[in-house]
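Nothing in this text is a laboratory measurement; each read-out follows from the coordinates by a stated rule. A quick note: this is a predicted structure, and the numbers were derived from the prediction, not measured. Neighbour counts run over all protein chains shown; Cβ positions are idealised from the backbone, glycine included.
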Amino acid sequence: MTDPNPQRLDRAGGEFIAYHKRSGTTPAVVFCPGFNSDMTGIKATALEAHCAAENRAFVRFDYFGHGQSSGDMIDGTIGRWADDAITVIDQLTEGPVILVGSSMGGWIMLLAALARPDRIAGLVGIAPAPDFTRRLWDNASEDVRHALRTDGVYRRPSQYSDEPYAFTMTLIEDGNTRTLLDRPPIPIQCPVRILHGMVDPDVPWQLSLELVDALASSDVEVTFVKSGDHRLSTESDIDLLTATVASLLARPDLNR
């Protein structure tokens, strides 16, 4: 989907990040999409509408190789996409920030929070998928591992796209140097809220409990949606998401 008139944040080598930004009060809300997703999704745009109604600063953006940003997704890595998120925080926001990450974006938000602990006022993960590259490799068949070793890429059919998702060996190797759940505690101290559907076929809801145990923060809450899928994009799911973000934004200690 083409998002009309995105702005561009220039990066080294002629690359750029496509984004939409609105000014307003802080903490700003920054949305981090999932793997092979982009800033045009319903969760990102619903949060933007909510922030606009509350005169809240907001940014949504596309990672390298995603949506309307430059680059080819097959050349992307977890490290590169985390650096995109950190660059957005550094260059497009001021003051405290609440990161909202969906699926892989939940991993990205955690890495960004670790890189910029003084800037992050809170985190909201939607079916967060930290360390998914390790699980992808561990659960892969020998045929898939052979394809990755010999061709460097495995293309897996997806229910979310007409085109298969491309997973590269470079993505897996890079991601496996950035895992978090295997070396707790994760030194994040800000408030964390997690939403997860219990019929999620892609990221098991039990992973959110692992994340709760691994986080150093004592202010962590998880909401499970019994009938919820991976996307959590129904009207009631979106209402839950905006209410969760709003509850963090309403905290007196986060409004400076």
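Length gained on full extension, ASP75 to SER227, computed as 0.36 nm times the residue gap minus the Cα-Cα distance: 51.2 nm.
Residues whose amide H comes within less than 5 Å of that of LEU215, counting only those at least five positions distant or on another chain, are ILE186 (H built at 1.01 Å from N in the peptide plane). Given their separation in residues at 0.36 nm each and the Cα-Cα distance between them, SER236 and LEU254 gain 3.9 nm when the chain is fully extended. Starting from one equal scatterer on each C-alpha and no solvent at all, send me the Debye-based log10 I(q)/I(0) for region 194-256 at q = 0.21 Å⁻¹, two decimals. Relative scattering, expressed as log10 I(q)/I(0), comes to -0.91. Kirkwood hydrodynamic radius of region 12-160, from the reciprocal of the average inverse Cα-Cα distance over all distinct pairs: 16.0 Å.
Using C-alpha pairs below 8 Å separated by at least 6 residues, the relative contact order for region 5-90 is 31 percent. Using a cutoff of 8 angstrom between alpha carbon atoms and counting only pairs six or more residues apart, the relative contact order for the chain works out to 17 percent.
Peptides 84-93, 118-127, ordered by how many other C-beta atoms sit within 10 Å of their residues on average, highest first, read 118-127, 84-93.
Helical runs (DSSP H, four residues minimum) scored at -39500 (n - 2.57) apiece and divided by the length of the chain put the mean residue ellipticity at 222 nm at -10500 deg cm²/dmol. Here's how it looks for PHE35: its modeled amide H is under 5 Å from those of MET104, GLY105, which are all 5 or more places away or on a different chain.
Here is the size of region 80-189 from its Cα atoms: Rg then Dmax, 15.6, 48 Å. About the centre of its Cα atoms, region 91-196 shows a dipole size close to 260 debye [charges on the beta carbon of Lys, Arg (+1) and Asp, Glu (-1) only; nearest 20 debye]. How large is the direction-averaged shadow of the alpha-carbon convex hull of region 27-83, in nm²? Average projection, Cα convex hull of region 27-83: 4.0 nm². Inverting the pair-averaged 1/r between distinct Cα atoms of the chain gives 18.3 Å as its Kirkwood hydrodynamic radius. Using 16 Å as the cut-off for backbone N distance, which residues of region 12-46 belong to the label zone defined by a point 7 Å from the Cα of ALA243 along Cα→Cβ? The answer is none, because no backbone nitrogen lies closer than 16 Å to the label point. The calculated FRET efficiency for the pair ARG22 and LEU114, based on their C-beta separation and a Förster distance of 22 Å, comes to about 0.25. Taking 0.36 nm per residue of sequence separation and removing the Cα-Cα distance, the SER161/GLU142 pair yields an extension gain of 4.3 nm. How much net charge surrounds ILE78 when only other residues with a Cβ under 9 Å from its Cβ are counted (Lys, Arg +1; Asp, Glu -1)? Taking every other residue near ILE78 into account, the sum is +1. Screening the chain for whole DSSP H helices with an alpha carbon extent of at least 18 angstrom along the helix axis and a mean Kyte-Doolittle hydropathy of at least -0.5 yields 78-92, 235-249. Highest mean first, the peptides 157-170, 9-22, 190-203 sorted by other C-beta atoms within 10 Å per residue fall in the order 190-203, 9-22, 157-170. Taking a ≥ b ≥ c as the square roots of the eigenvalues of the Cα gyration tensor, region 1-47 is classed as oblate, since a/c reaches at least 1.5 and a/b does not exceed b/c.
Note on ASP213 and GLN7: with the Förster distance fixed at 41 Å, the Cβ-Cβ geometry gives a FRET efficiency of about 0.55.
Please report the antiparallel percentage of the DSSP beta bridges confined to the chain, to the nearest 5. Taking every DSSP beta bridge with both residues in the chain, the antiparallel ones total about 30 percent.
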